[in-house]
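The values are calculated or read from the model by the stated rules, or taken from the named source; none is laboratory data. Keep in mind that this is a model prediction, so the values were computed, not measured. Remember, those area values only see protein heavy atoms, side chains included, never the ligands or the DNA or RNA. Shrake-Rupley method; radii C 1.70, N 1.55, O 1.52, S 1.80 Å.
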Amino acid sequence: MGIIATELKRRKWSTFWWCVGIGLFVAFILAIYPSFSSSSAQLDKSLQNIPDSARELFTDTSDFLSPVGYLSSQCYYLLVPLLFSFLAIGLGSSLLAREEQNHTIELLLSRPLSRSQLLLQKAGAGLIITATVGLVTALVGGIMLEFITFDGVKPLSVFLVTIMALAFALLFGALAFMLTALGRFGRGASIGISTLLALGGYIIASLDKTLTWLAWPAKFLPFHYYHPADILRGHFTPGEFVGMLAVTLLLTGVALVAFRRRDIG
Amino acid sequence: MSNKQLVLNRLSKRYHGAKTYSLQDVSLEVGAGEVYGFLGANGAGKSTTIRTLLNFLQPTSGSASIMGKDVVRDSVAVKRHVGYLAGEIALYEHLTGQEFLDYMADLQPVKSTGYVAELVRRFQADTSKPLGTLSKGNRQKFGLIQAAMHQPEVLILDEPTSGLDPLMQEEFFRLVHESKQRGASVFVSSHNFSEVQRMCDRIGFIREGKLVAEQTLADLANQAAHTFSLTFADTAPVSELKKLPQAQVTPRDDHHLTVSIEGELTPLFRLLSAHHVTRLEQQEVNLEEEFMHFYEKGGK
């Protein structure tokens, strides 16, 4: 039973409940769409009175209740990436830090195991858990689309938007992981900083069309490159996905270099 | 390769931001089949030494090697030969004893599963319960088993008998003896003088990060063999005894004194025959006294 297997075993029930929780949430949101879709035009008209800045906090489309607008505003623009991010940040901040906090890291590093191996196996466990929850969510979304009609939205698009949300969350998980690997931040600080950047980035990037002075700083934030409505319309941009993965790898690389050289405990 | 399996060469450690060294120019060697006791007060540098040997801490200067391999550059290779028990053992509380041992064996394969089972039996370790439910002593048993189960060439143990009952302490001493017999080097940090005296061949005293003295138990015993505690019916003849060649006299009260003498004992006994001696005791090795000597008087 290696480090990855032990970590997966330790977290099997929490992973299971994350899958159940997010899966049910997505299934529920998609299942109740038919009750809105019949009166979508009328409702959308009344929602047009909402100021742009407020609307942009909830969706990246101009309408709330078109098939794409509904999926984006109720599911994939905010809540799914945010929930994935909470999971990834929680994992990133605890995979190494908990071992160090509990001093069990000494048991591992007194074995013939390099620090790089330890860090990569911990990162691997985090990736598997987050990806499992992401894939289950994507699968639930795809299956629901087989039964509920969202005109113009294909199951593959729902799958891809979930994968994009997963990449977005992994980036923040990697940030939390890197902060703990540096050894200068505890678990709490790692969660706090990562969550602040995720939520703050979301607010800044959401408002950058209304508040033009935010446009420049927004370019440095991952949320700026997350456009679920476009993906749901069938315009998946691999470059944005690869970019998020590249930043995730970069953060893991920094974690690796820092962790190899620093004092433990 | 020489038979020095553990070598520290002017090993120093200064923590980030600290003005003083926690470990300064410590050099020592531990040979095959030797048990080395590392004694020092809290904060003297014992744990820093051990943690640097395990490469948990990066040395500021100097070097250390285990089985001829550098503990920093060849850290992974070094750990193939090392069994380690931390001072405050931290275990995975959610795992049962068996799951924990399996996990450790997976990270460092054991030579014989039969030997692991034997250790479990000898230490009467309950492998079925989650480790978090066990008492300190029972957790310490798992700490010892995981350190010894792969039959390492070098054992590094920090306060190994902490929490063990006398029967299990005996079992631990047997384990150390067996390890020594098969040629393993054992490096033990301890506060327990009787335990160190019982199992160690050589002792190093560390104070304020510096190794202030090293002595073999045989030297200490030899030294102690020439120290006598005397009780007289009349007033103790302090001035007469002080005139003996190479004698050191420490009066305790009017009737009691301690005399240490080097070389020939005949002049001492000739002098004593002229007095009414009611009690004569040859002193045994007193590590605690040696330790206090280094700490209270600033070492030799």
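Interface residues of region B:77-105, defined as those losing at least 30 Å² of solvent-accessible heavy-atom surface relative to the isolated chain (probe radius 1.4 Å), are listed as B:79, B:84, B:90, B:92, B:94, B:99, B:103, B:104. Just B:26, B:249, B:110 to compare: in a GNM of chain B, with alpha carbon springs under 10 Å, which one fluctuates most? Comparing B:26, B:249, B:110 in the GNM, the peak value goes to B:249. For region B:182-239 versus region A:61-78, the spacing of their alpha-carbon centroids is 79 Å.
Shown in residue order for region A:5-18 are the 3J(HN,Hα) couplings computed by the Karplus curve 6.51 cos²θ - 1.76 cosθ + 1.60 at θ = phi - 60°: 4, 5, 5, 5, 5, 4, 9, 4, 6, 5, 5, 4, 6, 5 Hz (x for Gly and Pro).
Convex hull volume of the C-alpha atoms in region B:127-254, normalised per residue: 193 Å³. Taking N as the number of residues in chain A, what is its alpha-carbon radius of gyration divided by 2.2 N^0.38 Å? With N residues counted in chain A, Rg over 2.2 N^0.38 Å equals 1.08. Straight-line reach from residue B:141: taking Cα to Cα under 17 Å and skipping same-chain neighbours fewer than 8 places apart, the lysines in range are B:129. Shape class for region A:124-251: oblate, because the ratio a/c of the largest to smallest gyration tensor axis (alpha-carbon atoms, square roots of eigenvalues) is 1.5 or more and b/c is at least a/b.
Mean-square fluctuations from a GNM of chain A, with a 10 angstrom spring cutoff on Cα atoms, peak among A:189, A:169, A:125 at A:189. The DSSP beta bridges internal to the protein assembly as shown are antiparallel in roughly 65% of cases. When a 1.4 Å probe is rolled over the protein heavy atoms, the share of accessible surface on the protein assembly as shown that falls to carbon and sulfur comes to 57 percent. For chain B, what are the DSSP H helices with axial Cα length of 15 Å or more and mean Kyte-Doolittle hydropathy of at least -1.0? Membrane-span-like by this rule: B:97-107, B:136-148, B:166-181. In plain terms, the C-alpha convex hull of the protein assembly as shown casts an average shadow of 34.8 nm² when viewed from every direction. In terms of the Cα gyration tensor, with a ≥ b ≥ c the square roots of its eigenvalues, is region B:19-102 rounded because a/c is under 1.5, prolate because a/b exceeds b/c, or oblate? Because a/c hits 1.5 or more and a/b exceeds b/c, region B:19-102 counts as prolate. Under 8 Å for C-alpha pairs, at least 6 residues apart: give me the relative contact order for chain B, rounded to a whole percent. With pairs under 8 Å counted, the relative contact order is 20 percent. Entry note, chain A: the mean residue ellipticity at 222 nm calculated from DSSP H runs of n ≥ 4, each adding -39500 (n - 2.57), is -22500 deg cm²/dmol after division by the residues and rounding to the nearest 500. Classify region B:1-50 from the C-alpha gyration tensor, please: rounded if a/c falls under 1.5, else prolate or oblate depending on whether a/b exceeds b/c. The shape class here is oblate. Averaging Cα coordinates gives a centre for region A:213-265 and one for region B:7-62; these two points are 42 Å apart.
DSSP finds beta bridges in chain B, and of those with both partners inside it, around 65 percent are antiparallel.
Over the C-alpha trace of chain B, radius of gyration and Dmax come out as 23.0, 72 angstrom. Note on chain B: with a GNM built from Cα contacts shorter than 10 Å, the maximum mean-square fluctuation among B:12, B:112, B:185 falls on B:112.
Our note on the geometry: Cα centres of region B:118-161 and region A:111-136, 28 Å apart.
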